[in-house]
Every structure is written in structure tokens, then in C-alpha cells.
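Here, each number is a calculation from the coordinates, and none is a lab measurement. Since we're looking at a predicted model, the values are computed, not measured. Cβ placement follows ideal geometry from the backbone for every residue including glycine, while neighbour counts extend to all protein chains displayed.
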Amino acid sequence: MSRFSDDFDDMDAQGVRHGAGDVLGAADEVTRFLTELRALGDGPPPAPSAELAALLGGATPLFGRRALVRTAVRTGAIAAILLGVLVVAAASHSLPSPAQRVVSNVVNVLTPFHIGTDHPQPMIEPPRPSDKPTPTQLPSPSPSPTPTRPRTTAPVVGGEDDGRNGGRDGRPGSGDDGRGVGGGDDAGRSSSGVNEGGSDDGGARAGGSDGGGGSDDGPSSSPRTSPSPSRSSEDDHSGGGDGSRDDG
Amino acid sequence: MHIGCEEAVSRPELTDELVAAAAAGDPDARGAIYQALAPQVLGYLKARGVDDPEAVTNDVFLQLLPQLGKVTGGGEGVRRLTFTIARARMVDAARARSRSAPTVPYQPESDARTVGSAEDAAHAALSLARVQAVLDVLPDDQRDVLTLRVVADLSIEQVAAIMGRSVGAVKQLQRRGMVAIRQALAERRVTL
């Protein structure tokens, strides 16, 4: 009889409950099948092996070799994955710098591969469209301002436009209207990209000759002696600014 | 302790006290647990067509006995763990059999281990063959449910826990399995 008589209610309805064959008749093949199936578990137990007999006798099992191998394989696999991730991260310079140095040194010493310890050079950004030299801002090969085009437009009132004209033309005439500002300021702007101070002279001189930025001539003219365009740009800006104040 | 005899022996009851004594290392309690559960494990493995059910039964208890101290639920917990291990070993054996070369059928005349009357052995072999022929009609999960329910004498909840299925799913598998067996026997596709 089953230990779970209640659970067998649904099987009982089909005549499959153990012992139900007496009620339903021995001819029921389903009952016969289930009786034989149950009889499979009613036989004697198999003879235990030597290992099991020792265990049944109270012996303490050693740590299973299979479990030991499984643990070793698992640990090795995890270590290999971690090592791989670390080396890949070091090769792509993604690690913090102390770890990067350590891993790079280890890889360089122990393996035939080489990982540079320096950080990669930052990419040089392409010049923005606004910084690209326009045809009117192409650098002139000579340091002296050479007029490339006659001035066709009259200077407008704004100091910026004045300066641009002055810077472009490189003529002291841009300071005709007495605005040293424009010359100085815009000369600086144009020289920041291209003019290497050639047009600076125009602006600075204009300011100086007109008296607007006399005191600023010194610093703004210094880029002439300095080959660095960036410095000249800074200096010219300051010169221009002072000139503007002087004008005001 | 008398283990491995050919006659059917009275099966000790699997009580919580017995399990506690076995977990404490009592050899008699361990032997009693083996006597109580090994026949059903052997029958389950036979019904599922494991090639060497006696050896796999030994493996099941080699894995079970060291874990007795960690089992919760007393006797029923031990029974459930035993058949959980047995089912896992059965699946392992089935996979190994599918990977290995086909084996030759059993030849009783070359097996000197047989003890007991030839009639009993022949009857048992015939009975097992008939049962397996009927079980072969069923899909694998239905076969699993019926063998665990009938041979291992487990409740639906225990079978559900062992198979990792819901109680409702196990009930459904059992019902479908019984309907399929009844149809197969009625249509004489298999005979007992």
C-alpha cells in the first residue's frame, strides 16, 4: 500500500493504485503493469561495493577526488578569465595608472608581448570650421603686410570691422579713423590663425601712430620678434584691448 | 546487518531518529537507511533502463551518506534527497550511454553472479522487460513521474521538487501517462 494514499486518488480512479487490482480484477492490464512496476522496488538491495561498505561501517569519507578536480578546474578557469581581462585592459590602457604600470611590467617581463607604459597621445582634433583659414585669411609668406586686395569697402563704425580691415590690409590706414582699437584687436585675431603678426603691425602701428594705443605698441609689437603665433595672438589681444580703452 | 541477500527482506522504516543516528555516524542506522532505500533506488534505476543499476545505486549512497548531517526534513528529506541524487545519476548515465558506443545485450549464461533459482531470475527479467516495454510508450517526463510515484513511493509534491516542476504539472504528466498506457494496452501496441 502506498504511503500516500490520498495522493493516489486520481490514479485510483483509473485503477492504478497499488492493490486496487483486487477490486478491479486481475485482468486489468493497467493494474498488472503498475503492480509489476511497484515490485521493482520491492526486491533486495544490491550488495554494496567495498567503498560503500566502509562508509556504511562508519568510515569518514575523504574529500572526493572528483570534487577536488572540479574545484581546481573551476578556480583555474576563473583565474584565467580574470588574467585575460586584466591583460586586455592593460593593453588598451584602461587601467588606473598604478595598476597599469604593474600589469605592464609583469607582461613585459614575463611574456614576449610588450605593453607600453605611457598613455597614448591624445588625438589632435581637426580644426573647427570657424578656425579654418578663409581665402581672405591665408597666411602671407612675408612678415611684412602686403596688401593683396585694394580696400573696396569703407570702414564701418564698429571697431571690429575696422580692425579687420586693418588687419587684413595690414595698412596703417585702417587706423585712419583714429581707432587703434580695431587695428590692434583684429590684427590679433587674424594673426591667431595665420598672419604671424604681419597684420599686427598694421593694427598696432595704426594705434600707435594715431595715439590711441601708443602705450600698447610695445607688447603688441613684440610678436614680431617672436615666431610663436599664439603668443602674438595673446599679446595683440591685450594690446587691442588697451587701445580700445584709450580710445574711449 | 545482512545486505545483498537475494530474498526480499523486511524494509526498515525511515524515521527521523534513524536519520539522526545515521548522521551521527551510527553504522547500524546507516545500514538501516541503506536497507530502506536501496531496493527502491535499484528498482527506479532498473525501470529507467540504466545499464548497471547496482553500481549506480552504490554511487547514489556514496554521495548520500556523507550529506546526512546536512539534510533537513528527517526521513522524508532523506528520501527526497536520495531520489534527487538517483535521478541525477540516471540522467548522467543516459547521457554517457548516448555518447558511448552501443553495448551488447545482456547474456545471462555468461553471468556467473546469478544466485537463486533460475525461474525467479527468468521471471524477474521477464517482468522487467515487460514493464520497460510499457514505459517506452511514454515520453521521458511522464516515465519519470510514474516511476518516482510508483517505484520510489514519493508524493506528488516530492516528485515536483525532485523534477523541478510544479505540482500541477506533475499531476498533469501523471494523468497523461496513465491515459497513454491504458490506450497502448487496450490497442495491444504493448502487452504484459
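Just one of the listed residues (B:VAL60, B:VAL41, B:VAL56) is within 29 Å of B:ASP136 (Cα to Cα), within 10 Å of chain A (Cβ to nearest Cβ) and touching a residue at least 60 places away in the same chain (Cβ under 8 Å), namely B:VAL41.
Number of residues in region A:40-61 that are more than 7 Å from every other protein chain (Cβ to nearest Cβ) and assigned to a helix (DSSP H, G or I) equals 3.
Can you find a residue in region B:30-49 that is part of a loop (DSSP other than H, G, I, E, B), of a type outside the set (Val, Ile, Thr) and surrounded by 15 or more Cβ atoms within 10 Å (Cβ to Cβ)?
For region B:30-49, residues part of a loop (DSSP other than H, G, I, E, B), of a type outside the set (Val, Ile, Thr) and surrounded by 15 or more Cβ atoms within 10 Å (Cβ to Cβ): present.
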